Amino acid sequence: MSETQKQADACTMIIFGATGDLTKRKLFPALYNLAKAKFLPDNFAIVGVGRQEMTSEDFRSQIRGNLLEFIGKDIDKELLKWFEARTHYTGGDFADKKTFTELKKLLKELDKQFDIPENYFFYLATPPALFGLVTGKVGEIGLSAETDGWRRFIYEKPFGHDLESAKKLNAELQCLLKESQIYRIDHYLGKETVQNILVFRFGNSIFEPIWNRNYIDHVQITVAERLGVEQRGGYYETAGALRDMIPNHIFQLVTLTAMEPPVSFEADAVRNEQVKILRAIQTFSPEDVLKNTVRGQYGDGELDGKKKAAYRAEANVDPNSNTETFAALKISIDNWRWAGVPFYVRTGKRMAGKHSEIVVQFKKAPFMLFRETGIERLTTNRIIIHIQPDEGITLHFGAKIPGPIVNMGAVDMDFNYLDHFGDQISTGYERLLFDCMTGDATLFQRADMVEASWSIVSPVLDVWHAIPARDFPNYESGSWGPKESDALLENDGRKWKNTLD
């Protein structure tokens with residue numbers, strides 16, 4: 001697919017789990033935004049499939065209300081009508097072949113009504129346990145074979161809960177589909193700043209020559225949330241912070257920050273370089289886990305002057321739970337570019353601020369020149385790539401303070417997407433849905449990437465399971481995590497960059 005392609009291919013999107021929260025909050029608003037920007041063709045239709053029995057008109061009414069809620073009062077009424085005309089629903093048991101034969105019949109009708117070639121992409125907004133079942137049933141009725149058009153399948157995370165389950169799921173799907181049909185989605189990669197990392201690194205000659213161990217001291221990657229687990233206590237008890245965020249979101253950021261220049265922006269060229277980084281990350285021995293990883297669980301605390309309950313007091317959570325809501329790792333990448341440069345990554349719930357960012361900290365300049373001046377220490381340079389909530393890039397450097405003596409002050413140069421390119425309303429799914437429709441898998445994980453990621457965290461999970469935490473909860477709600485997380489960097493003479501510093 002060419003980057004200049006303006007519209008997606010004519011196609012039909014089939015959403016399994018269509019009555020769920022993801023469809024309401026993300027998928028339909030993303031489709032609306034694509035249509036408003038004229039990225040969707042007129043030959044387009046949507047079929048929702050769910051276990052709940054309802055008519056297409058009932059489903060349209062739900063979607064209409066959801067779009068009015070999430071898009072707001074400025075919604076384009078004509079565009080809303082366009083969506084309603086193209087939206088249908090069929091319900092039934094996902095284990096029942098009849099559900100899928102009814103779906104096939106409906107798709108044939110829509111192909112004729114909207115003059116759509118038999119291009120279908122299936123979005124599985126379902127629990128992972130249903131991935132194989134639903135995919136198999138689609139295949140049984142002849143809808144997965146690419147005979148008269150293309151067929152693509154998008155799978156939501158989590159893709160497995162450990163290395164063995166990921167391998168099993170990959171093997172199951174690859175028996176039913178070609179790898180080129182499988183799109184493992186990570187909505188984090190739909191964010192503009194994440195996509196901009198490659199442009200920033202490889203499209204600017206001032207950065208690439210210094211993007212290595214000769215100039216960079218260390219890298220920090222933080223994904224912090226102010227929210228607790230909310231209504232997801234049942235899921236979180238089986239997952240935890242490490243499984244939920246690090247093998248997918250955070251390792252994607254690690255690979256984009258650390259990878260070598262690909263030979264092109266073709267999907268496999270980019271992903272080949274990403275998987276090389278994952279394979280270069282040193283495996284954690286049991287001793288490494290004890291020394292270079294930190295886990296935490298939030299307790300009572302205060303945020304914005306309001307009392308917040310401990311994780312163990314949340315709904316559907318074991319009152320004696322040992323599930324971590326915070327995880328931090330010190331990662332070593334054993335290759336020529338990054339040898340000796342630690343990557344510190346952390347993620348947590350109920351933290352002091354909501355922010356996701358990559359901090360590239362450069363080495364200190366020699367001090368000799370400044371010994372006879374009033375400067376006591378030099379400002380260390382760093383680049384901060386802000387992913388959310390305010391997307392942009394900050395360059396931190398030192399400059400002379402005006403006056404008769406030589407003294408240095410810290411200066412920030414900020415680039416903000418909103419200021420330079422205007423407000424782009426986005427759910428984070430627009431680019432990913434568009435890419436699937438056009439067959440560009442660059443921002444989707446490949447099977448080997450998924451397995452390489454799980455092979456890194458599985459030893460950590462094994463040790464954490466074998467040695468239950470005895471000090472939970474070990475950080476207050478509204479803090480930056482457990483003190484052991486600070487020590488992880490302080491032991492190396494470094495410290496976390498916190499937004500509220």
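The values are calculated or read from the model by the stated rules, or taken from the named source; none is laboratory data. What you see is a predicted model; the values in this text were computed from it and never measured. Note that each Cβ is placed from the backbone with ideal geometry, even for glycine, and that neighbours are counted across all protein chains shown. Heads up: the accessible areas ignore ligands, DNA and RNA and are worked out on the full protein's heavy atoms, side chains in. Shrake-Rupley method; radii C 1.70, N 1.55, O 1.52, S 1.80 Å.
Odds and ends about this structure:
- Degrees separating the helix 56-71 axis from the principal Cα axis of the chain, which is the longest one: 20 degrees
- MRE, 222 nm, helices only [DSSP H, n ≥ 4, -39500 (n - 2.57), over the chain, to nearest 500]: -10500 deg cm²/dmol
- Where only alpha carbons of the stretch 1-68 are counted, the Rg and the Dmax (Å): 13.1, 41
- Cα convex hull of the stretch 193-271 - mean projected area over all directions, nm²: 7.2 nm²
- Estimated FRET transfer efficiency (Thr380, Asp448; beta-carbon r; R0 22 Å; 0.05): 0.05
- Counted charge near Thr293, where neighbours are those whose Cβ lies closer than 12 Å (Asp, Glu -1; Lys, Arg +1): -1
- Among beta bridges from DSSP that stay inside the chain, the antiparallel ones total about 55%.
- Per-selection Kirkwood Rh - the stretch 1-142 (Cα, Å, 1 d.p.): 15.6 Å
- Using a probe of 1.4 Å on the protein chains alone, the accessible area found for Tyr183 is around 10 Å².
- In a simple Cβ point-charge model (Lys, Arg +1; Asp, Glu -1; nothing else charged), the chain has a dipole of about 420 debye relative to its Cα centre.
- Cross-link pairs exceeding 27 Å in C-alpha to C-alpha distance, out of Lys330/Lys354; Lys157/Lys354; Lys276/Lys483; Lys157/Lys330; Lys73/Lys308, comprise Lys276/Lys483; Lys73/Lys308.
- Under the criterion of Cα pairs below 8 Å and six or more residues apart, the relative contact order for the chain equals 18 percent.
- For Ile216, the residues whose modelled amide H falls within less than 5 Å of its own, excluding neighbours fewer than 5 places apart on the same chain, are Lys363.
- Unit charges at the beta carbon, dipole of the chain: most positive-side option, Trp150, Ile333, Thr19: Ile333
- Spatial separation of Cα centroids for the stretch 145-211 and the stretch 302-369, in angstrom: 24 Å
- Rg [Å, one decimal], Dmax [Å, integer] - the chain, C-alpha atoms: 24.3, 84
- Tensor-based shape of the stretch 34-89 (alpha-carbon gyration tensor, a/c under 1.5 rounded, otherwise prolate or oblate): oblate
- Taking amide H as placed 1.01 Å from N in the peptide plane, the amide H of Arg152 sits under 5 Å from that of Tyr120, Phe121, Phe122, each at least 5 places away or on another chain.
- Dipole magnitude of the stretch 248-347 about its Cα centre (Cβ charges: Lys, Arg +1; Asp, Glu -1), debye to nearest 20: 180 debye
- The alpha carbons of the stretch 74-176 occupy a box of 49, 36, 25 Å along the principal axes, longest dimension given first.
- Set of lysines near Lys77 by C-alpha distance (under 25 Å), chain-local residues within fewer than 8 positions excluded: Lys6, Lys24, Lys26, Lys36, Lys38
- Nonlocal amide H pairs with Lys308, under 5 Å, H built at 1.01 Å: Gly301, Glu302, Leu303
- Zero-based 5 Å bins, Cα pair distances in the stretch 157-233, whole percents: 3, 10, 11, 14, 15, 14, 15, 12, 5, 1
- Positive dipole terminus of the chain, leading residue within Asn66, Ile358, Phe44 (C-beta point charges): Ile358
- Charge tally around Ile46: other residues with Cβ under 12 Å, Lys/Arg +1 each, Asp/Glu -1 each, net +1.
- If you take all other residues with their beta carbon under 11 Å from the beta carbon of Leu68, and give Lys and Arg +1 and Asp and Glu -1, the sum is +1.
- Of Pro319, Tyr236, Ala125, farthest towards positive along the dipole that unit charges on Lys, Arg, Asp, Glu beta carbons give the chain: Pro319
- Convex hull (Cα only) mean projected area of the stretch 108-247, reported in nm² to one decimal: 13.4 nm²
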